[in-house]
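Asks: Could you have a look at this structure, given as structure tokens, before my questions?
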Amino acid sequence: MTFLSRLRFRDAGTLLGLILIGAVFAIMAPTFLTGPNLLNVLQQSSINACIALGMTLVIISGGIDLTVGPVAALSAVLAATMMVAGVPVPLALLGAVCVGLACGALSAALIAIGGLQPFIVTLGGLSLFRAVALIFTGGQPIFGLPEGFRAVTNGNILSIPNPVLIVAVFAILAWIILNKTPLGEYFMAVGGNPEAARIAGVPVIMTKFAAYMISGLMAAVAAMILIGRLGAAEPTMGTLWELDAIAASAIGGASLMGGRGSILGTLIGCIILGTLRNGLTLLNVQAFYQLLATGIIIIVAMLIDKATSKQE
Amino acid sequence: MAPRLSLTHVEKSFGARKVLHGVSLLVQPGEVHGLLGENGAGKSTMLNILSGVLSKDSGTIEIDGKPVTITSPRSASEAGIAMIHQELQQVPELTVAQNIYLGGALRMAGGLLVDRAAQEAEAKRLLAPLDPNIDVTAPIRGLRVAQRQLVEIAKALRAKARIIAMDEPTSSLTPSEFEKLVTVIAGLTAQGVSIIYVSHKMDEVFRVCQNATILRDGKLIAQVPIPQTPVAQVIETMVGRELAHVTHHSHATSRVMMQVNGLSRGKAVQDASFDLHAGEVVGIAGLVGAGRTELLRLISGVDRADSGTVEVEGAVLPQAGPRARIKAGLGLVPEERKRDGIIRHRPVTTNIGLPAMNKFTQGGLIQKRKLKARSEELMKEVNLRPFDVSKPIGSFSGGNQQKAIIGRWLAADTKIYLFDEPTRGIDVGAKAEIYDLIEKLAREGRAIIVVSSELPEVIRVSDRVLVMREGRISATLSGPDITEANIVRNAIPAS
């Protein structure tokens with residue numbers, strides 16, 4: 001019971017939402033509640049979870065990162081080009097990571113030093129990074145990724161898909177950063193009240209750089225998982241990823257005003273979105289209605305949030 | 001004649017916590033009625049019930065003998081109650097006239113269009129007896145706080161308010177602006193308007209009120225006629241204990257801790273130079289806008305100076321923001337606690353630990369237990385109420401938030417404390433605790449600057465007083481020269 005008693009009120013609420021949605025599907029679709037299908041849900045949620053982990057930290061620090069999809073595409077096409085050209089895989093991965101960090105640093109510089117608004121800066125970045133990816137590839141997908149690399153992202157350990165394990169490792173790291181390190185406190189302080197944080201000696205600029213660079217890094221990680229699975233990198237990949245990630249963070253309790261959010265909540269938020277898609281697909285519901293359900297879930301989650309947050 | 005306002009046996013609970021225990025309030029027509037009590041005594045809850053922000057659980061409200069039901073700010077306004085908040089609730093970009101008619105615009109063309117000309121003419125008429133110099137077509141952001149307050153009063157008159165509740169109306173006013181407000185209040189009461197006056201400043205309460213209702217812990221303790229009751233008795237009734245009468249002890253040494261040389265920024269601060277010694281408390285007095293807050297912000301690195309230097313123990317500090325200044329041993333306790341001080345949703349512990357996270361970190365991880373133990377130790381010393389350092393700081397009263405913000409610098413081993421209006425919006429009991437804390441810091445050899453608009457406060461805590469006028473230090477007073485008369489004479493611009 002210690003786990004349950006330590007579970008924060010808000011996270012417990014998100015978990016309850018997941019259980020309810022899961023229960024409905026379990027009743028309606030007999031194949032939903034089976035081991036392979038549940039692992040499938042986790043695997044399908046893993047890319048969004050990757051992105052959402054970084055997004056949650058950015059949102060907590062009072063920002064937003066709309067560039068994640070294009071940043072993922074850019075690091076994907078760079079890493080794929082390097083691999084196809086025969087560069088060793090670890091070096092190509094390092095290249096992808098550097099692209100993610102550099103894109104994050106660019107957004108952070110404009111926001112933290114230039115004093116521009118995060119929404120506008122990353123909206124600009126959204127077009128800019130996508131354009132660079134398209135120009136770099138001439139709009140063509142890059143095929144022929146090495147089998148050795150693909151084996152890592154398509155493999156599994158003890159029948160748990162590797163992408164799920166990769167996300168789990170990053171989630172634990174993100175949780176530690178947010179809850180156990182000064183940087184995590186700085187995220188919450190800068191997002192909660194930037195001026196008070198500055199006066200209290202919080203390194204505000206460094207904190208914002210950390211948030212956007214982690215978000216860029218997570219976009220690169222998500223890109224690697226996806227190109228490993230597909231065996232190709234497309235410059236158009238990652239379209240609308242930012243919206244799924246923001247939705248998962250919000251369902252999980254992150255406040256878009258900054259200062260509040262939860263890693264565990266975000267993960268559950270990702271699984272809720274994944275479950276919804278998986279369950280509705282099992283029930284042969286048309287994609288249009290899946291979109292409808294996603295929209296309704298996001299709004300309902302926010303309404304419940306509003307109604308219960310006063311009592312906390 | 002029926003009383004103007006009669007609250008009988010009003011009760012209110014938040015969840016399981018009862019905040020008003022059958023409180024009653026009786027205000028006569030044309031009376032200025034003080035509502036007194038420490039923070040948390042229930043004054044704000046009462047005002048919120050009167051102005052329709054909160055609804056009461058039980059009890060009755062009568063105006064001029066007729067029972068009224070107040071369910072929303074609009075119904076309160078219709079019942080003739082207006083509220084002037086401490087933090088004025090105005091839209092800065094709108095004009096004076098638009099603010100006066102906010103929520104009740106004058107219409108024309110069958111209600112489709114706002115009749116701005118009529119609004120402006122009417123606003124001008126309402127403001128004429130209050131301050132004819134206010135331009136009703138100017139945006140409200142350009143006005144001084146005192147003028148904005150008069151605009152709020154005009155708005156109350158526009159709504160035909162018979163009861164105006166003023167919450168800490170003088171917290172940002174200069175003494176001469178207060179005198180002006182006294183005249184305005186006299187004018188209102190002469191027309192039969194009743195005023196509910198909430199303030200922590202006893203001299204003001206005794207100046208303007210005829211009667212006062214004293215609350216403590218959500219209970220009605222007494223209703224007293226004001227001029228006839230001794231100040232000390234009123235305070236004792238509020239606090240529920242006798243406050244020790246204190247005299248000032250100086251702990252100043254000859255060791256110079258900080259030197260400020262020619263610090264300037266625009267017109268706000270010009271060529272400010274002074275020394276601060278270990279164990280010394282230097283007060284900075286002056287009118288609002290004299291550059292006191294700006295000077296503290298320059299010293300603490302929050303704003304960049306155009307020229308001039310700050311030296312701590314002989315070393316010139318670089319121009320590099322608050323973080324570097326904190327490392328050099330300075331700490332600012334800002335005036336606007338909500339805006340510049342607290343991280344509302346975070347617990348007291350992390351609000352305390354924020355500047356000195358390295359002291360509570362090992363191997364990259366925060367040692368939460370150590371932080372909590374240190375926070376509890378510090379907060380026990382300053383008597384944090386309620387004593388729970390894990391609660392979000394936003395759930396504490398102003399005085400207790402202030403204790404946590406001061407605790408933040410104690411935890412960081414700060415040597416030089418810069419207090420900006422340390423007791424603004426803080427009740428009498430917590431005030432005394434903060435004075436004691438300042439004296440204790442001085443006794444321990446730290447150096448302290450206190451900016452304050454309350455002269456009794458400056459005089460009480462300071463070893464030396466710098467008076468600022470229009471951005472410059474106009475006088476340095478020490479010992480027996482520290483008197484209200486000397487401070488005021490040097491603070492007022494020669495015109």
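Asks: Return the calculated 222 nm mean residue ellipticity for chain A, to the nearest 500 deg cm²/dmol, obtained by summing -39500 (n - 2.57) across DSSP H runs with n ≥ 4 and dividing by the residue count.
Replies: On the way: 14 runs with 233 residues, N = 312.
Computed mean residue ellipticity for chain A: -25000 deg cm²/dmol.
Asks: At B:A138 and A:A105, where each label point lies 7 Å from the Cα along Cα→Cβ, what is the point-to-point distance in nanometres?
Replies: 5.0 nm
Asks: Can you run phi through the Karplus equation (6.51, -1.76, 1.60; θ = phi - 60°) for the range B:470-482 and list ³J(HN,Hα) in whole Hz, with x for Gly and Pro?
Replies: For the range B:470-482, the Karplus curve yields 6, x, 10, 7, 9, 7, 10, 10, 9, x, x, 6, 6 Hz.
Asks: Choose one of B:G353, B:I448, B:A491: the residue whose Cα lies farthest towards the positive end of the charge dipole of the range B:337-495 (beta-carbon charges +1 Lys, Arg; -1 Asp, Glu; about the Cα centre).
Replies: B:G353
Asks: Continuing with this model, one more query. Based on Cβ point charges of +1 for Lys and Arg and -1 for Asp and Glu, what charge dipole magnitude is obtained for the range B:6-96 about its Cα centre, in debye rounded to the nearest 20? Show your work: numbers first, answer last.
Replies: Details: 7 positive and 9 negative charges, 61 e Å.
Charge dipole of the range B:6-96: 300 debye, to the nearest 20.
Asks: With both bridge residues required to lie in chain B, what share of the DSSP beta bridges run antiparallel, to the nearest 5%?
Replies: Details: 45 of 80 bridges.
The antiparallel proportion sits near 55 percent.
Asks: While we're looking at this one, here's another question. Please list the non-local residues whose amide H lies under 5 Å from the amide H of B:K219, H modeled 1.01 Å from N, same-chain partners needing a gap of 5 or more.
Replies: Residues meeting the amide H criterion: B:H21.
Asks: Gaussian network model of chain A, Cα springs within a sub-10 Å range: biggest mean-square fluctuation belongs to which of A:A247, A:A108, A:A131?
Replies: A:A131
Asks: Among A:L18, A:G238, A:L66, whose Cα sits farthest toward the positive end of the charge dipole of the protein assembly as shown (+1 at Cβ of Lys/Arg, -1 at Cβ of Asp/Glu, about the Cα centre)?
Replies: A:L18
Asks: Under 5 Å between amide hydrogens, which residues at least 5 positions from A:T181 or on another chain qualify, with H placed 1.01 Å from N in the peptide plane?
Replies: Counting only residues 5 or more places away or on other chains, the set is B:I366.
Asks: Relative to the longest principal Cα axis of chain B, at what angle does helix B:116-127 sit, 0 to 90 degrees, rounded to 10?
Replies: Relative to chain B, helix B:116-127 is tipped by roughly 80 degrees.
Asks: Quick check for you: which residues of the range A:61-99 have the amide N under 17 Å from the point 7 Å beyond the Cα of A:V169 toward its beta carbon?
Replies: It comes to A:89-98, nothing else.
Asks: Karplus couplings for the range A:182-187 from phi (6.51 cos²θ - 1.76 cosθ + 1.60, θ = phi - 60°), rounded to Hz, Gly and Pro as x?
Replies: x, 4, x, 4, 5, 3
Asks: Return, for the Cα atoms of the protein assembly as shown, the radius of gyration and Dmax in Å, separated by a comma.
Replies: Rg then Dmax for the protein assembly as shown, in Å: 30.7, 98.
Asks: If R0 is 56 Å, what FRET efficiency do you get for B:E470 and B:S55 from their C-beta distance, rounded to 0.05? Walk me through the intermediate numbers first.
Replies: Numbers: r = 48 Å, r/R0 = 0.86.
Once rounded, the FRET efficiency stands at 0.70.
Asks: If amide H atoms are built 1.01 Å from N in the plane of the peptide, which residues on other chains or at least 5 residues away come under 5 Å of the amide H of B:V333?
Replies: Excluding prolines and chain starts, which carry no amide H, the hits are B:L418, B:F419, B:D420.
Asks: Take the alpha carbon gyration tensor of the range B:21-118, find the square roots of its eigenvalues, order them as a ≥ b ≥ c, and report rounded if a/c is under 1.5; if not, report prolate when a/b exceeds b/c, else oblate.
Replies: Working: a/c = 2.41, a/b = 1.81, b/c = 1.33.
Prolate.
Asks: Between A:V89 and B:R369, how many nm apart are label points set 7 Å from Cα along the C-beta direction?
Replies: Between A:V89 and B:R369, the label points sit 4.3 nm apart.
Asks: Only Cα pairs within less than 10 Å get springs; with that Gaussian network setup on chain A, which residue of A:T207, A:T137, A:T122 has the largest fluctuation?
Replies: It is A:T137.
Asks: Using +1 on the beta carbon of Lys and Arg, -1 on that of Asp and Glu, and nothing else charged, what's the dipole of the range B:256-491 about the Cα centre, debye to 20?
Replies: On the way: 35 positive and 29 negative charges, 231 e Å.
Using only the charged Cβ atoms, the result is roughly 1120 debye.
Asks: Shifting gears a bit: What distance in nm lies between label points placed 7 Å from Cα along the C-beta direction at A:T31 and B:T229?
Replies: With each label point 7 Å from Cα toward Cβ, the separation is 7.9 nm.
Asks: Could you tell me what percent of the DSSP beta bridges with both partners in the protein assembly as shown are antiparallel, to the nearest 5? Don't skip to the answer; put the middle values down first.
Replies: Details: 49 of 84 bridges.
Within the protein assembly as shown, antiparallel bridges account for around 60 percent of the total.
Asks: Another one. If you rank B:H248, B:H200 by fewest surrounding Cβ atoms within 10 Å, what's the result?
Replies: Numbers: B:H248 13, B:H200 24.
Sorted ascending by nearby Cβ count, the order is B:H248, B:H200.
Asks: Structure shown: which of B:K43/B:K403; B:K327/B:K368; A:K306/B:K66; B:K370/B:K415; B:K219/B:K368 lie over 29 Å apart, alpha-carbon to alpha-carbon? Provide the component values of the computation, followed by the final result.
Replies: Details: B:K43/B:K403 21 Å; B:K327/B:K368 22 Å; A:K306/B:K66 38 Å; B:K370/B:K415 22 Å; B:K219/B:K368 38 Å.
Checking Cα-Cα distances, A:K306/B:K66; B:K219/B:K368 exceed 29 Å.
Asks: A follow-up question, please. So for the range B:256-491: antiparallel DSSP bridges make up what percent, rounded to the nearest 5?
Replies: Working: 22 of 40 bridges.
About 55 percent, rounded to the nearest 5.
Asks: Among B:F178, A:F187, B:F360, which comes first, second and so on when ranked by fewest other beta-carbon atoms within 10 Å? Intermediate values should be presented prior to the final figure.
Replies: Values: B:F178 17, A:F187 31, B:F360 24.
Arranged by neighbour count, lowest to highest, B:F178, A:F187, B:F360 become B:F178, B:F360, A:F187.
Asks: Where Lys and Arg each count +1 and Asp and Glu each count -1, what net charge lies around A:G192 among other residues with Cβ under 13 Å from its Cβ?
Replies: +3
Asks: Here's something else I'd like to know. Taking the alpha carbon gyration tensor of chain B, what are the square roots of 5 times its eigenvalues, largest first, to the nearest whole Å?
Replies: Working: eigenvalues 320, 152, 103 Å².
Largest first, chain B gives 40, 28, 23 Å.
Asks: Could you work out the helix-only [θ] at 222 nm for chain B, with each DSSP H run of four or more residues adding -39,500 (n - 2.57) and the total divided by the number of residues, to the nearest 500 deg cm²/dmol?
Replies: Values: 16 runs with 157 residues, N = 495.
Result for chain B, helices only: -9000 deg cm²/dmol.
Asks: Now, a different point. Go through the range B:392-408 residue by residue and turn each phi into a ³J(HN,Hα) via Karplus (6.51, -1.76, 1.60, θ = phi - 60°); whole Hz please, and just put x for glycine and proline.
Replies: x, 5, x, 8, 8, 6, x, x, 6, 4, 4, 4, 5, 5, 5, x, 4
Asks: Going by how many other Cβ atoms sit within 10 Å of their own, how do B:K403, A:K180 line up, fewest first? Provide the component values of the computation, followed by the final result.
Replies: Values: B:K403 27, A:K180 16.
Ascending number of Cβ neighbours within 10 Å: A:K180, B:K403.
Asks: How high is the relative contact order of chain B, given as a whole-number percent (alpha carbon pairs under 8 Å, six or more residues apart)? Spell out each step's value before the answer.
Replies: On the way: 1000 pairs, mean separation 74.4, N = 495.
Here the relative contact order equals 15 percent.
Asks: Tell me which of B:S264, B:F396, B:V282 sits at the most positive position along the dipole axis of the range B:256-491, charges placed on C-beta atoms (Lys, Arg +1; Asp, Glu -1).
Replies: Highest projection toward the positive end goes to B:F396.
Asks: Assuming a ≥ b ≥ c are the square roots of the Cα gyration tensor eigenvalues, decide whether the range A:41-306 counts as rounded (a/c under 1.5), prolate (otherwise, with a/b larger than b/c) or oblate. Could you put the intermediate results ahead of the total?
Replies: Numbers: a/c = 1.63, a/b = 1.19, b/c = 1.37.
In terms of gyration-tensor shape, oblate.
Asks: For B:L102 and B:T183, what is the calculated FRET efficiency with R₀ set at 22 Å and r taken between the beta-carbons, to the nearest 0.05? Could you put the intermediate results ahead of the total?
Replies: Values: r = 26 Å, r/R0 = 1.17.
With R0 = 22 Å, the Cβ-Cβ based efficiency is 0.30.
Asks: Distance from the Cα centre of the range A:248-264 to that of the range B:414-460, in angstrom?
Replies: One Cα centre to the other: 38 Å.
Asks: Nearest 20 debye, what's the magnitude of the dipole of the range B:5-239 about its Cα centre given +1 on Lys and Arg Cβ and -1 on Asp and Glu Cβ?
Replies: Values: 23 positive and 23 negative charges, 83 e Å.
Once rounded to the nearest 20, the dipole reads 400 debye.
Asks: Under the rule a/c < 1.5 gives rounded, and otherwise a/b versus b/c splits prolate from oblate, where does the range B:85-218 land using the Cα gyration tensor? Please list the in-between numbers first.
Replies: Details: a/c = 2.06, a/b = 1.83, b/c = 1.12.
Taking the square roots of the gyration eigenvalues as a ≥ b ≥ c, the range B:85-218 is prolate.
Readers should treat all values here as calculations from the given coordinates under stated rules, not as data from a laboratory. It should be emphasised that the depicted structure is a prediction, and the values quoted were computed from it without experimental measurement. Every residue, glycine among them, receives a Cβ derived from its backbone with ideal geometry; neighbour counts consider all protein chains shown.
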